[in-house]
Amino acid sequence: MGEYMPSHTATYMGNALIKVMHFYSRDGFVFPFVIINTSAACEHVAEIKRCIHTVEARSRCIVAGMPFTHLLAKVIAHLVYYAIFLLNAFPAKLGISDRLFPQEIAPQQSIDFKKDCCT
């Protein structure tokens, strides 16, 4: 699940975390405690950087197929949501299941190929 965060203040990040926890608790996930690993502004976190680059690359591929030269900020935000949705549409090699995809495990949504993947 991706979350658009226009601000990185502690209050806003705390509210976003609560929103994500409520989202997953609807499906029966229990959070006995939450560990937040923060990093400094210029600190390098390789795993997160790789995930961000993957989402950026997928988003650029989607934009390359569009006939527009400029996109609104709201369209870009939804485009990133869609790129994350497609990344979660297939099982990960090192995931917890080799046949269930993350979108089906956590939010318990099934993907309709004709509706979600075809243009």
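The values are calculated or read from the model by the stated rules, or taken from the named source; none is laboratory data. What you see is a predicted model; the values in this text were computed from it and never measured. Backbone-built Cβ (ideal geometry, glycine too); neighbour counts: all protein chains shown. Just the protein is used for accessible areas: all its heavy atoms, side chains included, with ligands, DNA and RNA removed. Shrake-Rupley method; radii C 1.70, N 1.55, O 1.52, S 1.80 Å.
Residues in the range 47-77 that are part of a helix (DSSP H, G or I), open to solvent by 100 Å² or more (accessible area, probe 1.4 Å) and under 22 Å from Lys115 (Cα atoms): Arg58, Arg60, Lys74. For the range 14-28, filtering for residues that are in contact (Cβ under 8 Å) with a residue 40 or more places away in the chain and either of a type in the set (S, T, N, Q) or open to solvent by 90 Å² or more (accessible area, probe 1.4 Å) (or both) leaves 0. Scanning the range 32-41 for residues that are under 26 Å from His22 (Cα atoms) and open to solvent by less than 100 Å² (accessible area, probe 1.4 Å) gives Val34, Ser39.
Quick check on the range 90-99. Is at least one of its residues open to solvent by less than 50 Å² (accessible area, probe 1.4 Å), in a loop (DSSP other than H, G, I, E, B), modelled with pLDDT under 80 and out of contact with any strand residue (DSSP E or B) (no Cβ under 6 Å at 6 or more places or on another chain)? The answer is yes, given that some residue of the range 90-99 is open to solvent by less than 50 Å² (accessible area, probe 1.4 Å), in a loop (DSSP other than H, G, I, E, B), modelled with pLDDT under 80 and out of contact with any strand residue (DSSP E or B) (no Cβ under 6 Å at 6 or more places or on another chain). For His44, the criteria (1) open to solvent by less than 100 Å² (accessible area, probe 1.4 Å); (2) closer than 26 Å to Leu17 by Cβ; (3) part of a loop (DSSP other than H, G, I, E, B) hold in every case but one, which is (1).
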